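A.B. asks: This is the structure I have questions about; it appears just below.
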Amino acid sequence: MRLIIMPDPHSATRLAANEIASLMTARNSPVLGLATGRTMEGVYRDLCVMHREEGLDFSTTTSFNLDEYAGLSADDRRSYHHYMNSLLFNHVNIRLSAAHLPAGDASDLDAECTAYEKLIETSGGIDLQLLGIGDTGHIGFNEPPSPFDSRTRCVALNRKTRIQNGGMFGGNPDNVPTHALTMGVGTILEARHLLLLALGKSKAAIVAKALEGAVGPEVSASAIRLHPQCTVILDAESASTLSVETRSQALYQESQD
Ligand code: GLP
């Protein structure tokens, strides 16, 4: 695992965007795994700037998002479809037909999950999977316990997650959907590279648990430690409770500004 601790959130998101852009320029037809949440907003802002000002080309990119709320349609403003359209897809030259998210309003959710897995496979697999981390230690919506061989499926959301994600739902956790469609931990581990990004003090405890605690289904983010090509980018605050030993293995970078 390559651990990089940046001085602040801005330099951390910039580095994550640079890593994605490097992969995109190195491949003819890159396949990106994308993530949502507040953490990723800065990454997508930076990628939009790179597209506008430096000509970063998305025309041959295929993307697969990690997850979507069950029951929400693509045009629902609270959906991850809407998040991706408004923060990234509407501002770059990606073909919308190649930008995939699971359909939360599919009539048969299990069939939708199976089809999503198949589509990832027929696209040749994911080159780089971007990951955030939730308060329960989830990646995607893989709530504890999530077996490391789990595949794309419909899951029940943990109460903690519904509280964490209440912002888009009028601040009321009861309005957050009870279920979501998510790539499984096994699906995520098949990506050729993983890039986990965490920002802020509120992530410090769960980041330490994921990187230093037991590796197992109770903290699905701990699975990334089993991946041979994994980069973790933290800002100083999210790294603040890591042990001296872990920190000594990290690469510290100065602000790029
Ligand atoms: C949601 C997403 C996760 C994401 C998490 C973190 O639960 N399903 O993929 O990692 O939010 O969100 P935030 O970045 O807002 O803290």
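The values are calculated or read from the model by the stated rules, or taken from the named source; none is laboratory data. What you are looking at is a predicted structure, and each value in this text was computed from that prediction instead of being measured. Please note: Cβ atoms are built from the backbone with ideal geometry, for glycine as well, and neighbour counts cover all protein chains shown. For accessibility, only protein heavy atoms count, side chains too; no ligands or nucleic acids. Shrake-Rupley method; radii C 1.70, N 1.55, O 1.52, S 1.80 Å.
A.B. asks: Considering amide H positions built from the backbone, and no H for Pro or chain starts, which residues 5 or more places from residue 100, or on another chain, come under 5 Å of its amide H?
C.D. replies: 63, 64, 65
A.B. asks: While we're looking at this one, here's another question. Taking θ = phi - 60°, what integer Hz values does the Karplus form 6.51 cos²θ - 1.76 cosθ + 1.60 yield along the stretch 210-218, in sequence order, with x for Gly and Pro?
C.D. replies: Whole-Hz 3J(HN,Hα) from phi for the stretch 210-218: 5, 8, 10, x, 5, 8, x, x, 6.
A.B. asks: Would you mind putting 217-225, 148-156 in packing order, based on average other-beta-carbon counts within 10 Å, highest first?
C.D. replies: Most protected by this proxy first, the peptides run 217-225, 148-156.
A.B. asks: Now for a different question. Taking 0.36 nm per residue of sequence separation and subtracting the Cα-Cα distance, how much length would be gained by fully extending the chain between residue 114 and residue 2, in nm to one decimal?
C.D. replies: 37.1 nm
A.B. asks: Dipole magnitude of the chain about its Cα centre, charges +1 at Lys/Arg Cβ and -1 at Asp/Glu Cβ only, in debye to the nearest 20?
C.D. replies: That gives the chain a dipole magnitude of about 260 debye.
A.B. asks: Something else now. Please state the shape class of the stretch 137-247: rounded when a/c is under 1.5, otherwise prolate if a/b exceeds b/c and oblate if not, all from the C-alpha gyration tensor.
C.D. replies: oblate
A.B. asks: Just the ratio, please: alpha-carbon radius of gyration of the chain over 2.2 N^0.38 Å, N its number of residues.
C.D. replies: My calculation over the Cα atoms of the chain gives 0.94.
A.B. asks: Still on this model: When a/c reaches 1.5 or more, the comparison of a/b and b/c decides; with that in mind, is the stretch 1-41 rounded, prolate or oblate per its Cα gyration tensor?
C.D. replies: Prolate.
A.B. asks: Next up: I need the phi-derived Karplus couplings for the stretch 30-39: 6.51 cos²θ - 1.76 cosθ + 1.60, θ = phi - 60°, integer Hz, Gly and Pro marked x.
C.D. replies: x, 10, 9, x, 10, 10, 10, x, 4, 3
A.B. asks: Moving to a separate point now. Leaving ligands, DNA and RNA out of it, report the carbon-plus-sulfur percent of the accessible area of the chain at a 1.4 Å probe.
C.D. replies: So the carbon and sulfur contribution to the accessible surface is 51 percent.
A.B. asks: To check you understand DSSP bridge types, tell me what percent of the beta bridges within the chain (both residues inside) are antiparallel, rounded to 5.
C.D. replies: Percentage antiparallel, nearest 5: 25.
A.B. asks: Something else about it: Provide the per-residue ³J(HN,Hα) series for the stretch 117-123, in order, calculated from phi with Karplus coefficients 6.51, -1.76, 1.60 and θ = phi - 60°, each as a whole number of Hz, with x at glycine and proline positions.
C.D. replies: Working through the residues one at a time gives 4, 4, 5, 4, 5, 6, 7 Hz.
A.B. asks: Here is a follow-up. Before I look further, what does the stretch 152-257 give for accessible area per residue, probe 1.4 Å, in whole square angstrom?
C.D. replies: Accessible area per residue: 45 Å².
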